[in-house]
Amino acid sequence: MSTIRTSPPRPWTGRIVLFLLVIITLAPFVALIGTALQPSGTVPTGLTIPSPPHFENFVTAFQVAQLPTLMFSSALLVVMVVPAAILLVVMAAYGIVQLRIPGAPFVFLLFLLGLTIPYESLITPLYYLMRDAHLVNTRFAIALPLIALYLPFGVFWMRAHFLGVPKELGEAASIDGAGSWKALRYIHLPVAAPAIASLAVLFSLWTWNQFIIALVMMDDPLKRTVAGALGAFQGEHSTDLVLICAAAVLMMLPTILVFIFLQKLFVSALLQGSVKG
């Protein structure tokens, strides 16, 4: 008696849903590029194919938006924010998990509460705080709030890593006479390097793309982030939609290139955060 072998059903449904999600995700970006390549001064609607494409719009937007100056300003803010934020979150998570400081669960709960507060609701009190400290219109008025706002997520991230470190490592370091600082420097930091690198990339991208805080705290558009300066650029050229789209594409390029070259780091970091808690 012959039997008919049937192949297992292929997950076509999942592939179709994934394909539709990819199209929905890419459609705004395709529309943005299509608009940026239209003749300057026109008002394209919907997804339109430029014929011929006007690549000179990118040159004009590059010159008008003063992108080199804006990128230097964004890079300077990244240097001010990321190392300080990384240092604070590593020390906080290390104290909560490895040193088991008194009240560690309560401290971690406070950090978790910080994740639930939308940072847009903090813009006004942050502005008055920076104004009273005479820091408005300086880059510290952007950097200091960003460092504080990154702490809840950063502590949550590094806590997940330290929870996965075998306790035997800390016990072996203690038996060899290493104190808490030496154990952190010579044992835990080398092990945590991939998690710290992933977090540094995320913080860098968030700082580079920061919009609202840079717009509120700094009057000079050239001292804001690249994204923050786009608001002023939009005000100056509000009638030229094509030029605004070309500037937006140029401003997104650095973050897209960073993601393309570091996508494996992103994926591994997100998977790490999803399986530990």
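Using a 1.4 Å probe on the protein chains only, how many percent of the accessible area of the stretch 67-145 belongs to carbon and sulfur?
75
Can you give the calculated 222 nm mean residue ellipticity of the chain, where each DSSP H run of n ≥ 4 adds -39,500 (n - 2.57) and the sum is split over every residue, rounded to the nearest 500 deg cm²/dmol?
-23000 deg cm²/dmol
Under a point-charge model restricted to the Cβ atoms of Lys and Arg (+1) and Asp and Glu (-1), what is the dipole moment magnitude of the chain relative to its Cα centre, in debye to the nearest 20?
Here the size comes out at about 920 debye.
So how far, in whole Å, is the C-alpha centre of the stretch 176-230 from the one of the stretch 9-80?
26
If packing is taken as the mean number of other Cβ atoms within 10 Å per residue, what is the order of 84-93, 101-110, highest first?
In decreasing order of mean packing, 84-93, 101-110 become 84-93, 101-110.
Give the residue from PRO166, PHE153, ILE49 lying farthest towards the positive end of the charge dipole for the chain; charges sit on Cβ (+1 for Lys and Arg, -1 for Asp and Glu) and the dipole is referred to the Cα centre.
PRO166
In debye, nearest 20, what is the charge dipole magnitude of the stretch 93-244 about its Cα centre with +1 on Lys and Arg Cβ and -1 on Asp and Glu Cβ, if you could check? Intermediate values should be presented prior to the final figure.
Values: 9 positive and 9 negative charges, 85 e Å.
I would put it at about 400 debye.
Can you give me the accessible area per residue for the chain, using a 1.4 Å probe, in Å²?
Heavy-atom SASA per residue in the chain reads 59 Å².
Per 10 Å bin, what percent of the C-alpha pairs of the chain does each bin hold, from zero upward?
6, 21, 26, 23, 14, 7, 3, 1, 0
Could you tally the net charge around LEU144, taking each other residue with its Cβ under 14 Å from the Cβ of LEU144, Lys/Arg +1 and Asp/Glu -1?
Surrounding charge for LEU144 is +1.
The values are calculated or read from the model by the stated rules, or taken from the named source; none is laboratory data. The model shown is predicted, which means the values in this text are computed figures rather than measured ones. Note that we place each Cβ from the backbone using ideal geometry, even for glycine, and neighbour counts take in every protein chain shown. For accessibility, only protein heavy atoms count, side chains too; no ligands or nucleic acids. Shrake-Rupley method; radii C 1.70, N 1.55, O 1.52, S 1.80 Å.
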